[in-house]
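Q: To start, I am sharing the structure in question, which I have written as structure tokens.
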Amino acid sequence: MAVDPTPVYWNRILDELRSRLPTEQSFETWFQPVRARRVSDHSLELEVPSLFFAEWIQQHYLELLGEACYAVLASSPALQFIVEPELELVASPVSSVSVPAVSGAAAGGGATASTSPANGLAPRFASAIEAGSQDSGLNSRYTFGAFVVGESNRMCHAAALAVGEKPGVLYNPLVIYGGVGLGKTHLMLAIGHRIREDRPDAVIFYMSAEKFMNQMIASIQAGSTLAFREKYRKADLLLIDDVQFLATKDATQEEFFHTFNALYEEQKQIVLTSDKPPREIAGLEERLVSRFNQGLVTDVKPPELETRVAILQKRAAADRFYLPGEIALLIASHVKGNVRELEGCLLRLIAYTSIAGRSVPTMEMAQEILREYLVAQDLSIDPDSIANLVAQHYGITREQLRGKRRTNSVALPRQIAMYLMRRQTTLSLSEIGRFFDRDHTTVIHACDKIERLRGSDRPMRDTVEQLAERVQDGR
Ligand code: ADP
Ligand code: MG
């Protein structure tokens, strides 16, 4: 698609930033004057009024910007600033703040300062939230209400809800582990929101383990370790995200151990997330592992198809976007392992729909987006493998499947194959038709028929779903 989605993406990134920044003032000061020259999966080119601006954003808002990008694009583009001095400067920065020296080469109009994804825009979420005014760090999207429960996360959700309702009593610590983008941070923050509802004055800290470490190191350098300790030991709820990061960081583990004990003894709730069960985190000290295992260790698994569809529908509804069922199913059938990517595809679809000046997306738009996604993931499913699988399942040959005979024993498998191609590949109706040497109306008819049968005939539905799973897994 030849349209440039930059304005749509940038507006969404700005929305995400606004919800994450501590004050509206900081948003207006630092982001309203910024213009996006280009936003794509790989690069984010921002025009800023001065080099000072670029540096300020890099120093203070890089992580937030990274999160906002990730929330919208499901990727971590490389950031590049372009200084455009004529851009209006909405507000001048506070003069007492010291800014590091400008490196010679980068100064002047049109200068650029680059940040690679590795050293800045990684999908890290690291804002601390404390009682009172800084609460906006608790992204309001991440509540229990916005979380879709399915088989894959039922246990974990129940445990998180219980902790949110009775902090410090039932499961302490609560450790949520699982793969990337499966809702660990979401559940953790939902606990924060839930506790905040009951106790508006609760002292809640949320941060990544990495940020915990960085703050600890900064406090050592500043000679303020005591204050650091005091601060975290005042928490009613401590949320530390991605604790696997602490592996092999001995001094940080030591400090964390003491913070943990201090809170634990006072029955203050601790919630941790990690990418593996604590015992499998190589380089995590045994005493921490055993502390973590004293509580409840629970995992989130990749959501099954129904849950993925429900997540898409819920997100679409929250965005007041009408998502036709067949499109939700198409996206959910392709994007399997990671909810963040699922959301990324949806956002892209919303962007394309709005650029195309429409209110409802078409199947073709969804296929276009999926095609890009699948190429990037190298996960595309080819029609041959579907034909082979279906033919094999029904004990007929590939040639019969693609042939002209219309007896039910071959026509039904053929229609199922067409349906699966429609649902699980990014081929257009005509392309599927061509595969069978038929025209696209035959494919439409086949898809309608199978969809109807899926609704009325349970064994049929099971067969189709089993085949779909096998296609997806390449079996
Ligand atoms: P993780 O911390 O496990 O990497 P996140 O909590 O950041 O994953 O989740 C990634 C995205 O997917 C977030 O936008 C989150 O809201 C969404 N998400 C994940 N699981 C669910 C779910 N079950 N229901 C609704 N949204 C979900
Ligand atoms: Mg996370």
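Q: Every residue in region 328-353 that is crowded, with 19+ Cβ neighbours inside 10 Å, touching a Pro at 6+ places or on another chain (Cβ under 6 Å) and over 17 Å from GLU16 (Cα atoms), please.
A: Within region 328-353, LEU349, THR353 qualify.
Q: Quick check on my filter: what residues within region 188-207 are more than 15 Å from ligand 2 (Cβ to nearest atom) and either closer than 20 Å to GLN294 by Cα or in a loop (DSSP other than H, G, I, E, B) (or both)?
A: If the condition is that a residue be more than 15 Å from ligand 2 (Cβ to nearest atom) and either closer than 20 Å to GLN294 by Cα or in a loop (DSSP other than H, G, I, E, B) (or both), then ARG199, PRO200, ASP201, ALA202, VAL203 are the ones that fit.
Q: Is region 355-370 home to any residue that is outside any loop (DSSP other than H, G, I, E, B), touching a residue at least 24 places away in the same chain (Cβ under 8 Å), more than 30 Å from LEU237 (Cα to Cα) and among the β-branched types (Val, Ile, Thr)?
A: yes
Q: For region 195-220, how many residues meet the condition of being crowded, with 21+ Cβ neighbours inside 10 Å and more than 27 Å from GLU254 (Cα to Cα)?
A: 1
Q: For residues that are closer than 18 Å to GLU67 by Cα and assigned to a loop (DSSP other than H, G, I, E, B), scanning just region 168-187, find the one that is farthest from ligand 1 (Cβ to nearest atom).
A: GLY179
Q: VAL289 fails exactly one of the following numbered conditions: (1) more than 16 Å from ligand 1 (Cβ to nearest atom); (2) touching a residue at least 12 places away in the same chain (Cβ under 8 Å); (3) aliphatic (A, V, I, L, M). What is the number of that condition?
A: For VAL289, the exception is condition (2).
Q: Hey, does region 215-238 have a residue that's on the phi < 0 side of the Ramachandran plot, among the β-branched types (Val, Ile, Thr) and within 16 Å of ligand 1 (Cβ to nearest atom)?
A: No: zero hits.
Q: Looking only at region 1-59, filter to residues that are among the β-branched types (Val, Ile, Thr) and in a strand (DSSP E or B); which one of those is modelled with the lowest pLDDT?
A: Going through the qualifying residues, I end up with VAL48.
The values are calculated or read from the model by the stated rules, or taken from the named source; none is laboratory data. What you are looking at is a predicted structure, and each value in this text was computed from that prediction instead of being measured. A quick note on method: Cβ atoms are made from the backbone with ideal geometry, for glycine too, and the neighbour counts reach across all protein chains shown.
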